[in-house]
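Please treat every number below as a calculation from the coordinates, not as lab data. Since we're looking at a predicted model, the values are computed, not measured. Reconstructed Cβ throughout: ideal geometry from the backbone, glycine too, with neighbour counts over all protein chains shown.
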Amino acid sequence: MASQSRNRIYNRLGKINDEDRNVMVSLLAKAGYAVRIGKERPGDRGKTQYFVEFWEEDDANESVKNRMV
């Protein structure tokens with residue numbers, strides 16, 4: 001089984017709003033990536049940081065998805 005490398009795009013400067021995140025998710029999904037939007041509070045302090053996480057699914061998961069559709 002190949003290891004999955006997950007990448008995150010953070011909203012560090014507060015310039016990416018909810019609509020921009022949704023567009024980014026749809027573009028990554030159309031490109032064939034598995035995608036999710038998440039949020040975290042670093043160290044119990046500060047503002048909540050939103051991020052878009054994406055990764056490539058391995059072939060085993062792809063065949064299961066195709067059978068379910």
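Pairing each residue of the stretch 31-58 that is more than 14 Å from residue 7 (Cβ to Cβ) with any residue that is in a loop (DSSP other than H, G, I, E, B) and among the aliphatic types (A, V, I, L, M), provided the two are 6+ apart or on different chains, yields C-beta distances under 6 Å for 58/2.
If a residue has to be over 14 Å from the mean Cα position of the chain (by Cα) and of a type in the set (D, E, K, R) to count, how many in the stretch 1-40 make the cut? So the count comes out to 3.
When the stretch 10-33 is filtered for residues that are surrounded by 12 or more Cβ atoms within 10 Å (Cβ to Cβ) and touching a Lys or Arg at 6+ places or on another chain (Cβ under 9 Å), the ones remaining, listed by number, are 11, 25.
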